Ligand code: SAM
Ligand code: SF4
């Protein structure tokens with residue numbers, strides 16, 4: 001018999017880190033085809049019976065929040081807004097006590113139609129991925145002519161109070177590597193918080209190369225040609241973005257330098273894939289199957305025990321720079337970014 005104390009132990013690993021931020025992927029499907037994420041023809045999507053049902057997702061989130069100390073839930077994918085039961089999953093998550101913070105990372109398509117309903121259901125914030133404000137560059141990167149839909153979605157999110165609205169941008173050589181200042185100017189004028197993310201080796205096509213990726217250093221250099229960036233006095237904590245005040249503040253810009261300045265030592269994340277696998281790192285090569293446990297009648301106590309065991313084996317770092325580094329088998333869209 002496990003004791004009550006064991007029942008509430010957090011998600012610790014051997015290196016003293018504790019995961020409190022759960023990223024829940026709701027689908028591996030997507031309505032864009034960003035070239036740093038997916039091939040033009042898409043991927044073989046997960047068969048529906050393998051994808052967790054809404055009830056299964058909510059049960060795992062409940063275990064995480066009530067037994068494992070998770071206090072932040074971020075829904076992602078694939079594209080989470082194409083999951084039919086999304087608003088209801090958010091509402092059920094918002095009813096949990098202690099009430100977790102609830103956010104979503106989305107490409108913004110269709111956000112205009114659901115933003116106010118999501119806010120009412122209890123969603124606190126959105127991150128919208130937007131790499132450019134030029135229509136032709138958007139089409140070239142995402143392979144879809146949908147820039148206007150994303151911009152409408154962003155405006156609706158702000159209107160619905162899902163603030164501060166954050167924007168995630170990836171810079172790609174040959175596409176938008178010279179557009180960082182333009183994107184920042186546009187975000188400042190609309191009141192959106194911009195974060196650049198270094199491109200990581202997580203695309204299904206294995207097209208990433210260290211030699212051609214746009215580095216954080218390059219991003220700062222190009223921003224500093226037009227803006228004065230000064231260190232943000234606020235503590236960074238476990239936040240992956242290095243934040244800088246723009247022209248004295250209060251506006252900030254961030255760079256998430258996952259490759260060139262990894263922050264693995266402060267990582268507080270754990271991931272649940274749409275087919276019910278726990279990944280203790282974006283770059284993990286091993287997963288722990290909670291779907292099988294759920295479907296074979298395991299109790300909440302047993303599932304929590306397996307989840308803790310999965311976290312305990314988290315590696316100290318992603319090792320992208322090690323000679324032995326191997327890209328995970330799952331691409332970003334099937335892990336949940
Ligand atoms: N479809 C949603 C979206 O695009 O926001 C959520 C899923 S997407 C996988 C989550 C985030 O991962 C996005 O901000 C996207 O730009 C980022 N991303 C995807 N592939 C990436 C890569 N190879 N390197 C860095 N970021 C990547
Ligand atoms: Fe879809 Fe997001 Fe991947 Fe782009 S980054 S293809 S929007 S999952």
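Each reported figure results from applying straightforward, stated rules to the coordinates on display, with no laboratory input. Remember, predicted model here, so these are calculated numbers, not experimental data. Heads up, the Cβs are rebuilt from the backbone with ideal geometry, glycines too, and the neighbour counts pull from every protein chain shown.
Okay, here's what the table says:
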| item | result |
| --- | --- |
| Which of 131, 247 has the fewest Cβ neighbours within 10 Å, and the rest in rising order | 247, 131 |
| Where a label projected 7 Å from the Cα of residue 208 along Cα→Cβ would reach, residues of segment 92-119 with amide N under 17 Å | none |
| Estimated FRET transfer efficiency (residue 182, residue 120; beta-carbon r; R0 30 Å; 0.05) | 0.30 |
| Prolate/oblate/rounded label for segment 8-53 (Cα gyration tensor, a/c 1.5) | prolate |
| Spin-label pair residue 218/residue 261, simplified geometry with 7 Å Cα→Cβ offset, distance in nm | 1.7 nm |
| Tensor-based shape of segment 1-103 (alpha-carbon gyration tensor, a/c under 1.5 rounded, otherwise prolate or oblate) | prolate |
| Exposure proxy order (Cβ contacts within 10 Å, fewest to most) of 300, 145 | 145, 300 |
| Whole-number percent relative contact order across segment 4-335, with pairs defined as alpha carbons under 8 Å at least 6 apart | 21 percent |
| Ratio of Rg to Rh over the chain (Cα coordinates, Kirkwood Rh, two decimals) | 0.95 |
| Principal-axis tilt of helix 54-67 within the chain, Cα atoms, nearest 10 degrees | 80 degrees |
| Degrees, to the nearest 10: 180-190 long Cα axis against longest axis of the chain | 80 degrees |
| Relative frequency of Cα-Cα separations exceeding 21 Å in segment 124-193, percent | 21 percent |
| Share, in percent, of DSSP beta bridges within the chain that are antiparallel, nearest 5 | 30 percent |
| Helix-derived mean residue ellipticity, 222 nm - over the chain, DSSP H n ≥ 4, -39500 (n - 2.57), to 500 | -8500 deg cm²/dmol |
| Helix 147-159 axis, angle to the chain major axis (alpha carbon atoms, nearest 10°) | 70 degrees |
| For segment 1-102: relative contact order, % (alpha-carbon pairs under 8 angstrom, 6 or more apart) | 38 percent |
| Stretch gain in nm, segment residue 113-residue 62, where the contour uses 0.36 nm per residue and the Cα spacing is subtracted | 15.6 nm |
| Distance (nanometres) between label positions extended 7 Å along Cα→Cβ at residue 300 and residue 45 | 3.2 nm |
